[in-house]
Amino acid sequence: MTIEEQRRYHISHLSVMHKIPIVDRAFVLKQIERGCCPMETAFAVTHYKTGYMPCFSDVTKRYVFMNDCDLGEEVPYFICLHEFGHIVKAKDSPMWKKWVSGETMQPEDELQSEEQAWEWAISQALEVTPLMREKMHWALKSYRDYIAVMRKQLDRKVYENTVSTLERGSCSVPVVENSIGEGSVPASKNGES
């Protein structure tokens, strides 16, 4: 059996073992038609016809979409393992825990979930080639870059809200905007302002 055949068999085995189907483009297009796919997923799938991306996992519905790739090739194989990792390790993921509890997720939670899925992929892979590691590092760097931008935007928003509150002369009670854009102080619990 060639290494490509071994990889395909390994993915098939893990898919059955963990009850995670791998869906194809036709399945996702049907979901889009029915209005059952998030817009960003629909956009990604309909605009990228070849290559490794987009590939994604749906943790709540427990399936993996691989963009009609040959799972015997080293990079699609490794990416598929990574997507399985998101589902298999979901309950250990900071994103999942916060989503279930209703807490606000932070950009760093997504990076932790990505790292966790890659760790699972490494632990399950038949082999990890230099090309696989290169793609993993590229993917993690893209998340780190994205998170750095998001963190700056969030920090700037917090700073602007803090400055806005201080400029209005209130350090203890934040000023809120009413429906016509004028500042007002929220009423106290006993009805006084």
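The values are calculated or read from the model by the stated rules, or taken from the named source; none is laboratory data. Since we're looking at a predicted model, the values are computed, not measured. Please note: Cβ atoms are built from the backbone with ideal geometry, for glycine as well, and neighbour counts cover all protein chains shown.
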Can you find, within segment 1-58, the residue that is surrounded by the most Cβ atoms within 10 Å (Cβ to Cβ) among those that are of a type in the set (Gly, Ala, Ser) and modelled with pLDDT under 90? Ser57
Which of the residues belonging to segment 85-136 are among the β-branched types (Val, Ile, Thr) and surrounded by fewer than 19 Cβ atoms within 10 Å (Cβ to Cβ)? Val100, Thr104, Ile122, Val128, Thr129
Scan segment 59-80 for residues that are charged (D, E, K, R), in contact with a helix residue (DSSP H, G or I) (Cβ under 8 Å, 6 or more places away or on another chain) and modelled with pLDDT of 70 or more and jot them down. Arg62, Asp70, Glu73, Glu74
Against the condition modelled with pLDDT of 90 or more and among the hydrophobic types (A, V, I, L, M, F, W, C), how does Ala117 come out, does it pass? yes
What are the residue pairs meeting all of these: first residue in segment 15-33, first residue touching a residue at least 12 places away in the same chain (Cβ under 8 Å) and assigned to a helix (DSSP H, G or I), second residue of a type in the set (D, E, K, R) and surrounded by fewer than 14 Cβ atoms within 10 Å (Cβ to Cβ), Cβ atoms under 6 Å, and 6 or more apart or on different chains? Arg25/Asp68
Would a scan of segment 126-135 turn up a residue that is closer than 22 Å to Leu71 by Cβ and touching a His at 6+ places or on another chain (Cβ under 8 Å)? yes
